[in-house]
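Right, one structure below, let's go through it.
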Amino acid sequence: VSVLYWCNSGAMLRRCVLTLGAAAGEPVVRFGRFGVFEEAGRGEGVWRVEMSAQKAHGSSRNNLMDPAFFADLQSTFDWLSMSADAEVRACVLHAELPNADNGDKPTHFSCGLDLKAAGPILLKDLPSTQAAKLAVTTTLGMRAPALSEPGLPAKRNMKIRQLIHQWQAAISSVAQCRVPVIASVHGLSLGGAVDLSSACDFRFASKESVLSIKEAHVGIVADLGSLQRVGRIVGEGTLREWTYTARNVDAAEAERRLFYNKVLDSPERCLEHALSVATEIATAASPMAVQGSKYVLNYASEAEAQKGLEHVKLWNSAFLKSDDLVEAAVAFAQKRPPRFEGERIVDQRKPLKPAKAKKGSSSSSSAAAESSGSSKKKEKAAAVDEDASGKKA
């Protein structure tokens, strides 16, 4: 029996389907493209969350992240954390594997933000330049005035900040889930997908998988968690390299850099391995001790992550709409590499002024004169001291 009901997720009401007495292979609950399955045959408390690759669930094999994706993601992990009806001890997050329902075509963990869906948000109120108009018309198929919005910049920027906050909260709901969340990654993992996988407790991947912190290639600063969480996994130097270059990183390198705990031969073996580790956690360890350990581990790391997320939220709400973003949108629509003009952030600090040298003398002679002058002063002071001590005697 399937029951359609509305649940409260943060500030949003979300529709979901709860299946009572779900048959094998059917999700116990579904939030949009996220199906929540109980792995009853593996022992008590083992669950998995599958990101559907089917159009029927509003998705595709690329698992692009649109506004509905983030709302459904938060609803899913809020349900896992707070549901009193389910015994949840460990969870595996993965994308749907290739099967007959999705045409047996390759699927991906996620190709990141859906630029088509996010375009009306990112490209609102751009300056009326030819490039900006081209970005709007070619990317979204609508006229530039259709994206204008009343109000002063502060009001519009506050709306961007609020949107980033909602998307950050969705990714953070994975990190803050009360039970361990294990990512099983296959295919492409781009941009926001790295934010999502880095919010999991640890990750396994199949050997063909590729990851990239892609945001620099689309003219924005990654703002959903990669810059705050990946560094503590792979180290600051590796994070900076991956962020600045936005290059593709294969599974072997990601395993060497410790982003993945283990790389498996295929997506199927990767998911099976992740479920076996989840089973070990759920059946061999004290649930209270495991959840307590996660709470303690998160106490310092997540507190720092939230500070960084707040800072990048403010940064992007102020500086998101740039010429580089426009060029990235046009290049995306025209299917060509972007040609960035090299905008830079001006350093407002004033340089230190060098000491002025006296006219007619070089810096070395003035330094020598200063040195001899100071030695003469010392000799005079010593003579005065001697004279004073002689008078006392």
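Among the residues making up the range 137-171, those that are in a helix (DSSP H, G or I) and either modelled with pLDDT under 65 or among the charged types (D, E, K, R) (or both) are Thr137, Thr138, Thr139, Leu140, Ala144, Pro145, Ala146, Leu147, Lys155, Arg156, Lys159, Arg161. Can you find even one residue in the range 77-98 that is surrounded by 13 or more Cβ atoms within 10 Å (Cβ to Cβ), modelled with pLDDT of 65 or more, among the aromatic types (Phe, Trp, Tyr) and assigned to a helix (DSSP H, G or I)? Yes, the conditions are met somewhere in the range 77-98.
Applying the criterion of being part of a loop (DSSP other than H, G, I, E, B) and over 23 Å from Ala305 (Cβ atoms) to the residues of the range 222-255, the residue that is most open to solvent (accessible area, probe 1.4 Å) is Asn248. In the range 256-277, the qualifying residues are those that are under 18 Å from Arg42 (Cα atoms) and within 24 Å of the chain's Cα centre (by Cα), and the one that is most open to solvent (accessible area, probe 1.4 Å) is Leu271.
The values are calculated or read from the model by the stated rules, or taken from the named source; none is laboratory data. Not measured: the values here are computed from a predicted model. Counting neighbours? That spans all protein chains shown, and the Cβs are built from the backbone with ideal geometry, glycine included. Surface areas here come from the heavy atoms of the whole protein model, side chains and all, with no ligands, DNA or RNA. Shrake-Rupley method; radii C 1.70, N 1.55, O 1.52, S 1.80 Å.
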